Amino acid sequence: MILITGATGNVGRHLVTALLDAGEKVRALTRDPATASLPEGAEVARTDEMPMDDVEAVFFNPAASWNGPGELLEKAAAHGVRRVVMLSSLACTYEEGPANPIGTHHLKMEREVEASGLEWTFLRPGLFATNSLVWADQIRNGGAVQGAYAEAQFSPTHERDIADAAAQAFLTDDHVGAKPLLTGPESLTHAEMVATVGEAIGRPARFEEIAPEVARERMVGGHMTPQIADSILRMQAAAVGVPALIAPDVERVIGHPARTFAQWAADHAADFS
């Protein structure tokens, strides 16, 4: 039995499907099982109950437990769980400290998992392609997407590639102790990403650059902490005119090339229409 935290999230849903398709037994955790709408065959349980009976391996998504994996690891050890696959972050490869709150937070959690004595794999994706869904209202309403640093370059990762990599970390022993970097296959600017979404929905979409101070005000007004907003804007500024990292790990782990952003946009066209 494999326990999936964050099972109704962007990655979790695809992971549940991938493991069921592989013939694995899956227990999917969600805050509200009645509305989870997960695939038939998944055992659905409440996140706050976290039943561990018969569980051999766990997928830990920090978004489902932002305070860290402490409780999960304690229960896992008590029930003889063997392996933890953690959804971490590419930001862990940057300098640790206050200027990198996302990476620093994930590194702390990685160390907790390592100290547990369980087998582990840390998946380190870069920019999630699904982050682009924050543009949906602006594109749907026919306006330009406003943001800082139109020429900042990223290699957005399709959530299905992350889920497929997680599945492989459970299905084989090849990735125990590994920290694969999960990126998309191409370096794209913010402007190119927005234009790609426009192509997917059949009407033009464009990125309109605004001052970083204005972007920061909107980010914080959208309930992002000032520290996280500042960190993201620093990262974007540093990425202007700099090709994004394109790591080979997606293809190495899942056995096929990483999905393109154009594929992602086509998959999510309805979200922008």
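Going by neighbour counts of Cβ atoms within 10 Å, the residues TYR94, TYR149 line up, fewest first, as TYR94, TYR149. Here each label is just a point 7 Å from Cα along the line to Cβ, and for ILE246 and ASP21 those points are 2.5 nm apart.
Model label points for MET1 and GLU71, set 7 angstrom from Cα along the Cα-to-Cβ axis, are 1.8 nm apart.
Taking the charge dipole of the chain about its Cα centre, with +1 at Lys and Arg Cβ atoms and -1 at Asp and Glu Cβ atoms, the residue from ALA64, HIS79, VAL242 reaching farthest to the positive side is VAL242. Label separation (ARG206 vs THR93): 3.4 nm, computed from points 7 Å beyond Cα along the C-beta direction. The GNM of the chain, with springs linking C-alpha atoms under 10 angstrom apart, assigns the highest mean-square fluctuation among ALA262, ALA167, ALA150 to ALA262.
Please say if the stretch 157-227 is rounded, prolate or oblate, where rounded means a/c under 1.5 for a ≥ b ≥ c the square roots of the C-alpha gyration tensor eigenvalues, and otherwise the choice is prolate for a/b larger than b/c and oblate otherwise? Numbers along the way, then the final one.
On the way: a/c = 3.10, a/b = 1.62, b/c = 1.92.
In terms of gyration-tensor shape, oblate.
Report, ordered by chain and residue number, the lysines lying within cross-link reach of LYS25, taken as a straight Cα distance under 27 Å and ignoring same-chain residues fewer than 8 apart. LYS25 reaches LYS75, LYS179. Each peptide in 31-40, 13-22 gets a packing score, the mean of other Cβ atoms within 10 Å over its residues, and the list from highest to lowest is 13-22, 31-40.
Determine one quarter of the surface area of the Cα convex hull of the stretch 10-159, which equals its mean projected area, and express it in nm² to one decimal. Working shown, then result.
Values: hull surface 45.2 nm².
Answer in nm², one decimal: 11.3.
Normalised by 2.2 N^0.38 Å, where N is the number of residues, the C-alpha radius of gyration of the chain stands at 1.02. For the stretch 115-193, GluC sites (Glu not before Pro) meeting the loop criterion (DSSP other than H, G, I, E, B) and having at most 16 other Cβ atoms within 10 Å: GLU151. A Förster radius of 30 Å, combined with the Cβ-Cβ distance separating ARG111 from ALA269, puts the computed FRET efficiency at roughly 0.15.
Grab the other residues whose beta carbon is less than 14 angstrom from that of HIS256, score K and R as +1, D and E as -1, and report the net. Local net charge: -1.
Please rank HIS158, HIS105, fewest neighbouring Cβ atoms within 10 Å first, as an exposure proxy.
On the way: HIS158 27, HIS105 18.
By the 10 Å Cβ count, ascending, the order reads HIS105, HIS158.
Of the residues TYR149, PHE128, GLN168, the one whose Cα sits farthest towards the positive end of the charge dipole of the stretch 109-192 is TYR149 (charges of +1 on Lys and Arg Cβ, -1 on Asp and Glu Cβ, taken about the Cα centre).
No lab work stands behind these numbers, since they all come straight from the coordinates. Because the structure is predicted, anything quoted here is derived from the model rather than measured. A quick note on method: Cβ atoms are made from the backbone with ideal geometry, for glycine too, and the neighbour counts reach across all protein chains shown.
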